[in-house]
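FYI, it's all coordinate maths here, none of it is from the lab. It should be emphasised that the depicted structure is a prediction, and the values quoted were computed from it without experimental measurement. Cβ coordinates were reconstructed from backbone atoms using ideal geometry, including for glycine residues, and neighbour counts include every protein chain displayed.
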Amino acid sequence: METHHTPPDPAPPASLPEIIDRVLQAAEVELTDIRTILHSFGRASFTPVLLLPAIAVATPLSGIPLFSSLMGIFIAIVSAQMLARRKYLWLPDFILSRQINGAKLTAAFTRIRSVAVWVDTHTAKRFRLLSRRPLVFVPQLICLVSGLMMPLLEFVPFSSSVAGIGVAILALGMLARDGVVIVLGLLPYAGVGWLILRVL
């Protein structure tokens, strides 16, 4: 009797360059979608999935109409579930089915891969208290707020990309369990808060 074995899920990406490589592999077609990209992540934890839209919105892909808004919603949904300590990630079909041109995706993520490799070599498990509960709720909450703001920033040039960079830094710090990176990710937001207080 012939038996069919379901291929095992791939191991989840454990670093920023590996996340980018998975995206590039999924982009080797004319059109791909977010469901296919996430499937290449295997049973990934929430943090690698959070990095995906944050990186995407920090690339020239943010120039696609409504792309930043979609990625902001993506970031907000993932961050909210991280705060709620859900065991399994849920994403709505309108996000999972979003199609992206493979050539544009490849161009955007290839451009930042060398930077990702450099950043990855400079992360380490430092001040891990900041990447654990209860303190880790701070970057998670900031990511949630950043995601919610992105649809409002859609028509302000480069603003969504700046927010995406902030989320990416925070997510990278959580992925690498590097408290120094988390603190660096908090600095831009602290500056914004200080400016708001000065205005008030």
For helix 46-57, report the angle its Cα long axis makes with the longest principal axis of the Cα atoms of the chain; keep it between 0 and 90° and round to the nearest 10°.
-> 80 degrees
With -39,500 (n - 2.57) per DSSP H segment of 4 or more residues and division by the full residue count of the chain, the 222 nm estimate, nearest 500 deg cm²/dmol, is -19500 deg cm²/dmol
Measuring from label point to label point, each 7 Å out along Cα→Cβ, what is the VAL145 to LEU89 span in nm?
-> 2.4 nm
Taking the chain, the whole-percent share of alpha-carbon pairs separated by over 32 angstrom is 14 percent
